[in-house]
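My questions all concern the structure below.
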Amino acid sequence: MRGVDLHIHEWLNDYRMPREQPAAPTLGADLDRLAPRVAALLAERLGELLGEAEAVVLLPDIAVDLTLDIASPPERLAAHWSDQLALALGRAIYDPGSGAVHYASQAAYRAAFLGDLLQDRAWHSWRYRRFDGLRILPAAAAARTLLVEDTALGLATLALLDDAVWPAFAALLTPREALRILLAWHAAPPEASAGTPGRSDPPGHPLRSLTGPLAALRHVALWQRQAPTADLATACWLAALRSLPANISPAELERLVRTNDLRRLFAGSGPAAHAPPADPDWLSLLASAPLPARLAATALAVVERQEAAASAATLSVPDLLDAPFGGLVWLLPSLQSLLTPTLLAGLPAPAGCSSLDALALLTLAVATGPQADAVWRDPFWRTFFRLPPRFDQVALAAWLAKAEPAALMTALANALQHQARGEAVRLRYPLQRVRRDRLIDSATGGWLGAVATEQPVSWRSRLALTRQSRRDERLLSQAGPLAALPPGWHEPVLLLAQAALRHTAYRIPGHARSSLPYLFARLFGVSGQAELCAPCQWRLRLVRPPLHVLLSLSGMTRLRLQWPGQPSPTLTLSCSG
């Protein structure tokens, strides 16, 4: 059995021997020269212990005490040394207290590194010392270098990249960097695989608007997840066809694609905005695609256009709408940071709208407690979130009944833990004849789903947090839509609503511990009017809230938000009066 791929960042030997040992001055150097042989034998021993698994295991450090018989021959000495190290490492790998980090594969390890690189925290972790050679490169070049080092490994890494960091990935890579990745994969293609390309992002998904090389990378990532079908040519052509005007008929589109005349295809079918890309490498990559790949991309492009047309076939929207619950707009940034693609991955799309929009309106409604039913029917918020009239609370319950809340609850717990600003405190208190067990963020007062350990706090802080948590839960539990939710959905919706409220209150100087009734009276309860200035561009004019000065200090009065979707609505806020 072959050994594992072993990488040791630093190896330090500390020898202790009797003073009267005759070879003491040179013995340490002699033993140090055995280290390369010990490392080679150690890799073999670990291969025998761990098997042929592709997992990546990282250990921050390990200290091993052992006794060596220096009278033994060097080979026997190295064998004994490596055996003891292998046993110690084997124990540490499966010991929860050793700090070992496990990844299912090299691709999973690289995807984790790429995700942390996009969030500017990769170089602060010991886990990624393996990639120190990329440290001197700009982040975009480092990502490209990582993906093109090995084509098959790069494709698997891109497929495992979390949807939550894909917007950052698309923003980081320039079209040229994305094209260089595609060119490298094209020059060293992976093994051919059977099957047809899978589906792309659904209508309304924020990444559906990508075009060019970036869209091609997104197609490849999605298709790799669904099946090992890395059809680069089809992905590139589908990405290119997205830039064409929507009024080209399917028959005309297929005829143009069959001719493979790129200048006629991209310049003769619309305005100058659809002129052929300036980069000749992109044109060359498209021109090299075989006819079956071009036709497959055409069929997928036609399906995309039909889906977009069906999604856009909505009722006309009034230019001016009353917004009696307009103050809830300040919850949207916190809500948007929680409702990530990862959290929504297990939810099916409701009829006529997206899962993001449906869950967002439900959360806003529950956040108001006893006014939840009125918020659910609010014309402005239903129009902004593009919910059809037939999507009532009965349809809401039927939609959630098709999904499993456990996966969403796990993703939400991870998101809340990541966004926590203080220590985790466990509180237990009675409410409505039920004993509650809550983990609380000591800084924001927000509820947490689960954490590894809780931290001690003073009894004064614990008492204040308990009172605040009970008041929050008592108010939010009065929300009417909660009663209609299927089993298991009560808790995650409450967590979302309370987290959005508390994270927003934390941003207002001195108001992290304010009660919810006070916040609604001074901020969230203000009303106004919403004006549709242009398609998907809303201007919300609110009555100036009593906390306006503090909101100005934290920049919350200059809110301009782009809500995910296809098309993606924008909302600009102004306060007066």
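The values are calculated or read from the model by the stated rules, or taken from the named source; none is laboratory data. A quick note: this is a predicted structure, and the numbers were derived from the prediction, not measured. Cβ: placed from backbone, ideal geometry, glycine included. Neighbour counts: every protein chain shown. Ligands, DNA and RNA are stripped out before the accessible areas are found, and what is left, the full protein with its side chains, is counted by its heavy atoms. Shrake-Rupley method; radii C 1.70, N 1.55, O 1.52, S 1.80 Å.
Nearest-5 percent of antiparallel DSSP beta bridges in the chain?
80 percent
To continue, here is another question. Please work out which option in (i) 38, 30, 22; (ii) 55, 37, 20; (iii) 49, 39, 20 gives semi-axes √(5λ) of the Cα gyration tensor in Å calculated from these coordinates, and answer with its label.
Recomputing semi-axes √(5λ) of the Cα gyration tensor in Å here gives the entry labelled (iii).
Quick one: grab the alpha carbon gyration tensor of the stretch 113-192, order the square roots of its eigenvalues as a ≥ b ≥ c, and give me rounded if a/c is under 1.5, else prolate or oblate depending on whether a/b is larger than b/c.
Since a/c reaches 1.5 and a/b is larger than b/c, the shape of the stretch 113-192 is classed as prolate.
I need the shape label for the stretch 326-476. Rule: rounded when a/c is under 1.5, else prolate if a/b > b/c, else oblate, with a, b, c from the alpha carbon gyration tensor.
Since a/c reaches 1.5 and a/b is larger than b/c, the shape of the stretch 326-476 is classed as prolate.
Scan around LEU431 for amide H atoms under 5 Å from its own, H built in the peptide plane at 1.01 Å from N, and keep only partners 5 or more places away or cross-chain.
The answer is ARG436.
Moving on. Within a Cβ distance under 10 Å of ASP357, other residues only, what is the Lys/Arg minus Asp/Glu net charge?
Once positives and negatives cancel, what remains is +2.
Binning every alpha carbon pair distance of the stretch 405-518 at 5 Å from zero, what are the percents per bin?
Answer for the stretch 405-518: a P(r) of 2, 11, 23, 25, 23, 12, 4, 1 percent.
Further question: Share of antiparallel DSSP beta bridges in the stretch 511-577, in percent to the nearest 5?
Bridges in the stretch 511-577 that DSSP calls antiparallel: roughly 55 percent.
Moving to a separate point now. With a 1.4 Å probe and all protein chains left in place, how much accessible area per residue does the chain have, in Å²?
I get 48 Å² per residue for this part.
Express the carbon and sulfur contribution to the solvent-accessible surface of the chain as a percent, rounded to the nearest whole number, probe 1.4 angstrom.
55 percent
Also, quick follow-up: Using per-residue counts of other Cβ atoms within 10 Å, averaged over each peptide, order 88-95, 63-70, 440-447 from highest down.
440-447, 88-95, 63-70
A further question on this structure: Quote the accessible area belonging to THR340 in square angstrom, nearest 10, computed with a 1.4 Å probe and with ligands, DNA and RNA left uncounted.
Approximately 40 Å² of THR340 is accessible to the 1.4 Å probe.
Now, a different point. Taking every alpha carbon pair in the stretch 536-577, what does the distance histogram look like in 5 angstrom bins from 0, in percent?
Answer for the stretch 536-577: a P(r) of 7, 21, 26, 20, 13, 9, 4, 0 percent.
How would you classify the stretch 466-577 from its alpha-carbon gyration tensor, with a ≥ b ≥ c the square roots of the eigenvalues: rounded for a/c under 1.5, else prolate if a/b is greater than b/c, otherwise oblate?
Oblate.
Right, something else. Determine how large the accessible area of TYR506 is when every protein chain is in place; take a 1.4 Å probe and give Å² rounded to the nearest 10.
Number for this one is 90 Å².
If you add up the charges near ASP162, with Lys and Arg at +1 and Asp and Glu at -1, over every other residue whose beta carbon is less than 15 angstrom from its beta carbon, what do you get?
Around ASP162, the surrounding residues sum to +1.
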